[in-house]
1. For the stretch 21-36, give me each residue that is under 24 Å from C155 (Cα atoms) and part of a helix (DSSP H, G or I).
2. State all residues of the stretch 21-51 that are farther than 18 Å from T90 by Cα and free of Cβ contacts under 8 Å to residues at least 12 places away in the same chain; if no residue qualifies, say none.
3. So is N40 polar (S, T, N, Q) and surrounded by fewer than 17 Cβ atoms within 10 Å (Cβ to Cβ) or not?
4. Suppose the filter is crowded, with 24+ Cβ neighbours inside 10 Å and modelled with pLDDT of 95 or more; does V61 pass it?
5. Condition first: open to solvent by less than 50 Å² (accessible area, probe 1.4 Å) and farther than 11 Å from F291 by Cβ. Now tell me which residues in the stretch 236-254 satisfy that.
6. Mind checking which helices (runs of 4 or more DSSP H) fall wholly inside the stretch 37-114 and carry at least 1 residues that are among the charged types (D, E, K, R)?
7. Step by step: first the residues of the stretch 96-110, then only those that are of a type in the set (A, V, I, L, M, F, W, C) and open to solvent by 10 Å² or more (accessible area, probe 1.4 Å), then the one that is farthest from I165 (Cα to Cα). Which residue is that?
8. Output yes when any residue across the stretch 73-95 is buried (at least 21 other Cβ atoms within 10 Å of the Cβ), touching a strand residue (DSSP E or B) at 6+ places or on another chain (Cβ under 6 Å) and over 28 Å from D163 (Cβ atoms), and no when none is.
Amino acid sequence: MDISVVIPLYNEEESLPELCSWIEKVMKDNRFSYEIIFVNDGSTDKSWNVIEELSNKSEHVKGIKFRRNYGKSPALFCGFEKAEGDVVITMDADLQDSPEEIPALYNMIITDGYDLVSGWKQKRYDPLSKTIPTKLFNATARAVSGIKNLHDFNCGLKAYRKDVIKNIEVYGEMHRYIPYLAKNAGFSKIGEKIVHHQARKYGKTKFGLNRFINGYLDLITLWFLSTFGVKPMHIFGFLGSIMFIFGFIAVAAVGCMKLYNMYAGNHYSLVTDNPYFYLALTTMILGTQLFIAGFLGELIARNSQERNKYQIEKEL
């Protein structure tokens, strides 16, 4: 099979027939073998009824229905598990992504050899309250991930080589960082294509401003796990050691100052009367706790079933 189109959705009953018809027209015009996988993320409208009708009319349409709303990442995860195409295309169900982009995305994967191609909606039909935070978010994601050539990490329209989606785990709200997940899994040829952004035709957006806050937190989590996930002592042990050494030096300095004043005949006070003594002691305690946290993290990591799971591309 050439292409699997995975479409996560939540309350998009109005747009589904038009979207499905549009995708099928593009596929037939380009003679692709294909499947369309709708993942109904706990919709409360008649979206699932529409998907059932579309599936009865076409052998290419498949559906997955969640009992409740889990989020876009779980929907993509389940869609990826079911996908069988050599190239997997993801797009949103609100008709803001154009199926006309599919042939070019497919060729970039098959002909140009990309592992992943992300869409870039260079010209957007969104208010400034959405576009400005998006630009800041993407700038931060580029800096942290090291993927400098992507302008829009969160664009729903993406194309993947089948190997990519079978070797990454999209969980929580990590759908924003699939290129970063792919890079960490060893798929380094990541490209970008300028795609057309259409104004929303039906309904309203399902995402609020809180996604930007959650996005930054998820980015920090992903960076930490990819950098120190299997070697926690490298961060906790290092920080703990630095804090303990600084605290110890500070305590020694307070003690030496008292001894000097004693032998010099100067006025001196008890070490415990000096506030710096307590700051230094607290620093030493925190440093010790961080070091222990790193040690416990190492014990957990060494007992993990994933500790020796590596991405092997080929064997002879």
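1. Once the filter is applied, which keeps residues that are under 24 Å from C155 (Cα atoms) and part of a helix (DSSP H, G or I), the stretch 21-36 yields S21, W22, I23, E24, K25, V26, M27.
2. K28, D29, R31
3. Details: polar (S, T, N, Q): yes; surrounded by fewer than 17 Cβ atoms within 10 Å (Cβ to Cβ): no.
It is false that N40 is polar (S, T, N, Q) and surrounded by fewer than 17 Cβ atoms within 10 Å (Cβ to Cβ).
4. Details: crowded, with 24+ Cβ neighbours inside 10 Å: no; modelled with pLDDT of 95 or more: yes.
The answer is no for V61.
5. In the first step, residues of the stretch 236-254 are kept if they are open to solvent by less than 50 Å² (accessible area, probe 1.4 Å); the result is 237, 240-241, 247, 250-254.
Once the filter is applied, which keeps residues that are open to solvent by less than 50 Å² (accessible area, probe 1.4 Å) and farther than 11 Å from F291 by Cβ, the stretch 236-254 yields G247, A250, V251, A252, A253, V254.
6. Numbers: elements: 47-57, 72-82, 102-110.
Those helices (runs of 4 or more DSSP H) span 47-57, 72-82.
7. Going through the qualifying residues, I end up with A104.
8. No, the stretch 73-95 has no match at all.
The values are calculated or read from the model by the stated rules, or taken from the named source; none is laboratory data. Quick caveat, the model's predicted, so the values are computed rather than measured. Methodologically, a virtual Cβ is constructed for each residue, glycine included, from the backbone with ideal geometry; neighbour enumeration extends over all protein chains shown. Keep in mind that these areas ignore ligands, DNA and RNA; they rest on the heavy atoms of the full protein, side chains included. Shrake-Rupley method; radii C 1.70, N 1.55, O 1.52, S 1.80 Å.
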